[in-house]
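**Q** Pasting in a structure now, in structure tokens, and then I'll have a few things to ask.
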Ligand SMILES: [Mn+2]
């Protein structure tokens, strides 16, 4: 189905009889996932539809101020029956900021078997197929696709201050405050449109980034002190142990953005952050890169992950020491690209 056909199809849904939408971000939702979901929900409600949002796991504390964030139902064992009921009742499922249903585990099985109409809006590479798709892997954030959808439907007037706040926060989150190479003139034009709705850009920055607890700052200090720089491979890597997290009173989201410090080094093209998760027995890994070094492929081939060309994630089921050794062992294979 072409984008144009998808739009026409969506238009019918939007202007048709009232339906129950269920909007879902990926697990461990970030600013783009949450902002895009909340913005989309505000938009759909303007047409009289019932809209629920379910997050597969909790979201970080620095997003708790987003407009209507209290309406997001977070899945947990306790909420199990409530969540299943909402999935069961939904006529339209809206998947936001992820490309495969495995990103919404453990809800994926229920969503897969649901007969509801399924729409995907996302900017990751190689998405799975759904009934309607609004996808562009070149878009710097899913919020850009939400904005485009609203614009192409001719509904820019529907964007009020709250909706603008949600989308702007999403944009800032996924573009490293408009620094990443994915940012285009369109990104800034959208940001300008959103600012014209009366939001305070500085306030968004402060709410997202000027919120370090003392513990988080200590964790960052410790992580930076342990940073290793491999000039030969233009690579910087860091790790966070479970013990460090415990010592620094870790809260969900505290390591967000740490990996970018590696990339702020002059001459570094690849940055990696390894986070030990003892409860799950895994190492979570974040990769960031500059220029053409493709961390999506790197994460996919070696660490069961993926994402975008310059920002991706992965996982290792070995311990921290073995994981780091493997990572270091892979670098010589990329010597040509990392020089
Ligand atoms: Mn995103």
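**Q** Within segment 307-318, can one find any residue that is in contact with a helix residue (DSSP H, G or I) (Cβ under 7 Å, 6 or more places away or on another chain) and closer than 17 Å to residue 218 by Cα?
**A** No - not one qualifying residue is present in segment 307-318.
**Q** Right, here's the next one. Which strands (runs of 3 or more DSSP E) does segment 267-339 wholly contain that include 3 or more residues that are under 17 Å from residue 228 (Cβ atoms)?
**A** Where strands (runs of 3 or more DSSP E) fall fully within segment 267-339 and carry at least 3 residues being under 17 Å from residue 228 (Cβ atoms), they are 270-277, 282-289.
**Q** Sticking with this structure for a sec: Tell me, which strands (runs of 3 or more DSSP E) wholly within segment 25-115 include 3 or more residues that are in contact (Cβ under 8 Å) with a residue 60 or more places away in the chain, touching a strand residue (DSSP E or B) at 6+ places or on another chain (Cβ under 9 Å) and within 16 Å of the ligand (Cβ to nearest atom)?
**A** Values: elements: 50-55, 72-74, 92-96.
Qualifying strands (runs of 3 or more DSSP E): 92-96.
Quick grid of which residues meet (1) in the same structural domain as residue 32 (by TED's automatic domain parsing); (2) over 20 Å from residue 182 (Cα atoms); (3) more than 24 Å from the chain's Cα centre (by Cα):
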residue	(1), (2), (3)
223	no, yes, no
227	no, yes, yes
242	no, yes, no
261	no, no, no
290	no, no, no
315	no, yes, no
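**Q** Those residues that are touching a helix residue (DSSP H, G or I) at 6+ places or on another chain (Cβ under 6 Å) and either surrounded by fewer than 16 Cβ atoms within 10 Å (Cβ to Cβ) or not in a helix (DSSP H, G or I) (or both), I need them from segment 202-221; list them, please.
**A** 211
**Q** Regarding segment 157-170, can at least one residue be identified that is more than 13 Å from the ligand (Cβ to nearest atom), within 16 Å of residue 42 (Cβ to Cβ) and under 15 Å from the mean Cα position of the chain (by Cα)? Working first, answer last.
**A** Keep residues of segment 157-170 that are more than 13 Å from the ligand (Cβ to nearest atom), which gives 157-166, 168.
Restricting the remaining residues to those that are within 16 Å of residue 42 (Cβ to Cβ) gives 157-166, 168.
Filter once more, so that each one left must be under 15 Å from the mean Cα position of the chain (by Cα): 166, 168.
So far as segment 157-170 goes, yes, one or more of its residues are more than 13 Å from the ligand (Cβ to nearest atom), within 16 Å of residue 42 (Cβ to Cβ) and under 15 Å from the mean Cα position of the chain (by Cα).
The values are calculated or read from the model by the stated rules, or taken from the named source; none is laboratory data. Note that the structure is predicted; figures quoted are calculated from it, not measured. Because the Cβ atoms are built from the backbone with ideal geometry, glycine has one as well, and the counts that use them run over all protein chains shown.
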